[in-house]
Structure formats: structure tokens, C-alpha cells
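Below is one structure, written out as C-alpha cells; the observations come after it.
The values are calculated or read from the model by the stated rules, or taken from the named source; none is laboratory data. Fair warning: this is a prediction, and the values are worked out from it, not measured in the lab. Here the Cβ is made from the backbone with ideal geometry for all residues, glycine too, and neighbour counts use every protein chain on show. What goes into the accessible areas is simple: the full protein's heavy atoms, side chains included, and nothing from ligands, DNA or RNA. Shrake-Rupley method; radii C 1.70, N 1.55, O 1.52, S 1.80 Å.
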Amino acid sequence: MQSKVLLIYTGGTIGMNRNPQTGALEPFNFEHLLLNVPELRQFDMQIDTYQFHPPIDSSDMSPRLWTDLSHVIADHYTDYDGFVVLHGTDTMAYTASALSYMMENLTKPIVFTGSQLPIGQLRTDGKENLITSIEIAAAKDADGRAMVPEVGIYFNGHLLRGNRTTKQSADEFNAFESFNYPHLVDAGVNISYHQQRILKPDWSKPMKPHFRLDNNVIIFSLFPGIREDLIRHIIHTPNLKAIVMRTFGSGNAPQSPWLLSTLKEGTKNGKVIVNISQCMQGKVEMCRYDTGYHLQEAGVISGRDSTVESAVTKLMFLQSHYPDDPETVRQMMAQSLRGEITI
């Protein structure tokens with residue numbers, strides 16, 4: 001039976017044309033995709049398209065649009081073998097992380113991809129990214145099950161777990177990396193699927209979509225000289241439920257008494273404070289140094305080896321399910337829901 005893939009264009013560089021008068025990039029009608037990528041006609045599968053109107057600059061991505069995207073996939077879930085989402089690179093890791101939480105027990109691939117150059121340009125990276133993403137989204141094993149039933153990001157020859165991925169370069173074709181988790185798929189002359197790294201759903205149960213997110217969360221980074229009055233202002237922000245605090249090294253922070261007392265005050269007031277390292281690679285170990293231990297005493301919880309993108313979207317997801325239960329949110333943050341942290 002012929003495979004079916006739904007190609008969803010949300011926006012981004014891959015679907016842009018350069019205006020000959022202004023030189024600026026502007027979106028084109030993605031229904032003309034085959035004119036730009038005639039190679040797609042060689043696929044022995046049905047490829048349908050769905051386009052967001054108007055296309056979304058990824059800098060304008062929001063939880064509301066994540067919900068819209070989740071509805072599109074959920075509404076078409078039984079009709080297709082896999083989904084490819086074309087998305088701007090700037091916030092792709094946030095969207096992929098959010099979708100991983102919103103699609104519980106995912107049994108089909110959702111592959112995010114895009115490009116650093118528009119697909120109509122001669123040197124574009126978009127064609128290979130798109131063609132291989134479609135092939136991965138349609139791939140099945142000998143039992144007819146999806147090879148990669150996960151939300152992933154495909155770029156420059158590699159499929160990465162979506163909620164483990166960070167954009168690492170604004171200029172290179174190798175724009176993304178999952179520093180704390182190995183690649184799910186490597187595509188060269190052959191496409192190598194690393195099955196032992198790929199999540200396995202409960203095939204006997206259906207995918208369960210979720211459409212609620214609570215974005216009463218903020219991210220802030222510690223730095224030498226950070227001001228007490230500003231941190232206190234953040235901690236006492238009305239309606240704020242959670243903080244992703246980017247710390248030094250393996251989860252360390254200044255041992256200023258005011259910082260520890262402020263964090264403890266926030267925790268006692270029901271705020272969930274998650275410790276994420278500013279380093280691209282490695283994990284938070286709050287018992288490794290004295291500074292981290294004091295954070296633990298103040299009620300700060302470890303984000304382990306989570307990315308910032310994954311931590312903030314996971315908090316949005318959990319807060320929507322446990323709106324008045326910060327203790328349960330803390331407990332769930334310590335669990336791996338979609339393979340986002342190493343336990």
C-alpha cells in the first residue's frame with residue numbers, strides 16, 4: 001500500500017523567495033512546491049500539503065500556534081503515515097519540544113525541518129533536508145510500524161530528538177545539535193536508523209493529543225554582578241508559576257545570601273524553579289559543589305541534562321495539567337516523559 005505523508009508548511013526560510021526589487025525574503029505559495037522541488041515526483045508515495053495562512057515567521061511562534069499545529073496533526077493523524085513540518089529555524093527547537101509533550105504515545109513520525117537558504121536558491125540546503133525528512137517520515141519496519149515514532153528535527157544529514165535539540169549556528173548548514181543525546185538517524189549514502197536510541201510507544205494504545213499549555217513561565221540567566229532588586233522583582237511577578245534558571249557549569253550559582261533567600265521565598269510561594277546549565281553539553285549535578293547544594297536547600301530542582309527549550313515547554317505542559325499543584329509539577333519535572341532527560 002502506498003505511503004502517505006502530510007507536509008505542513010508553517011513558515012520559515014525554506015519557503016521564501018527573494019523579492020527582485022527589494023532583495024528581501026518573502027513567502028511564496030507552498031502549493032507550488034513541486035515547481036521548486038521536482039525530485040518529489042520520484043517518490044512512490046502520496047504527499048499532501050497543508051499551509052498556514054499567513055506563513056509564520058518563527059520569531060512570532062507562540063503556544064497558541066503550537067496548539068493549532070497539534071490540532072492539524074491530530075485531525076489528520078489516521079490519514080497519514082507520517083508528518084513533515086517545515087518551520088523557521090530560530091524557534092524550531094521550542095516547537096519540536098512542545099509538540100513532543102502535546103503528542104502522548106506518538107506512533108508516527110513528526111519530522112521538523114527547514115533550511116538556512118530558501119529552497120529556490122541554487123545552493124539551498126532545503127532540498128536535501130526536505131527530501132530526506134519525507135523519506136524518514138514514511139519509513140516503516142518489517143511489521144509495518146513507523147521506524148521513528150518520535151518528534152524529531154532533521155538537518156544536515158541527522159535526525160535528532162526534538163526535545164533534546166538546540167540551534168547551534170545562525171550561518172552553518174549544520175544548524176542544530178543534540179549535545180546530550182546521540183542522533184536517532186544518520187543519512188549519508190544510506191539512511192542508518194539507530195533503533196536502540198528511538199522511543200518505543202505502546203502500539204496497542206492510540207496517540208493521545210493535548211491542546212493546553214500554561215505559559216506563566218520565564219527564563220533568566222545568572223551572571224556575575226546580577227542585581228538583587230531585579231531578581232526579587234522577577235520572583236514576585238504576579239501569576240508567574242515557574243522559572244527556568246540558567247546557572248553556571250554543573251548547576252552552580254553565586255552564594256549570595258540574598259539570592260538563596262529569594263529563591264527559597266519563591267519556592268515557598270509555590271513557584272517551580274528549575275536549574276538548567278548554561279553549558280551546551282553536560283548536566284546539572286547539584287550535589288557536586290557546595291554552591292549547587294545550597295540551591296537544592298532553597299527548593300530549586302535539577303533540570304538534569306535538559307535543554308532550555310525542553311524545560312520551558314515541559315513546564316508549560318505540566319502547569320496546564322496541574323494548575324494548582326506545584327509539588328506534582330516538581331515531581332514530574334524529574335521524570336522523563338518523552339525521553340527529554342537522562343534518568
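Farthest towards the positive end of the charge dipole of segment 174-252, among the residues P206, A242, S192, is the Cα of P206, using unit charges on the Cβ of Lys, Arg, Asp and Glu. Summary of the geometry: segment 238-294 and segment 173-189, compared by the centres of their Cα atoms, lie 30 Å apart. Computed from the C-beta positions of K208 and T328 and an R0 of 22 Å, the FRET efficiency is 0.75 to the nearest 0.05. Legend: distances between Cα atoms for K200/K268; K200/K314; K167/K200; K200/K271; pairs beyond 31 Å are K200/K268; K200/K271. Between the entries (i) 77, 58, 40; (ii) 79, 53, 36; (iii) 65, 55, 35, the label attached to Cα extents along the principal axes in Å calculated for this structure is (iii). Rolling a 1.4 Å probe over the protein chains gives Y293 an accessible area of about 110 Å².
The share of accessible area on the chain that comes from carbon and sulfur is 50 percent, using a 1.4 angstrom probe.
So what's the net charge close to F155: Lys and Arg +1, Asp and Glu -1, counting the other residues with Cβ under 14 Å from its Cβ?
Here the count lands on -3.
Note on M45 and Q335: with the Förster distance fixed at 35 Å, the Cβ-Cβ geometry gives a FRET efficiency of about 0.40.
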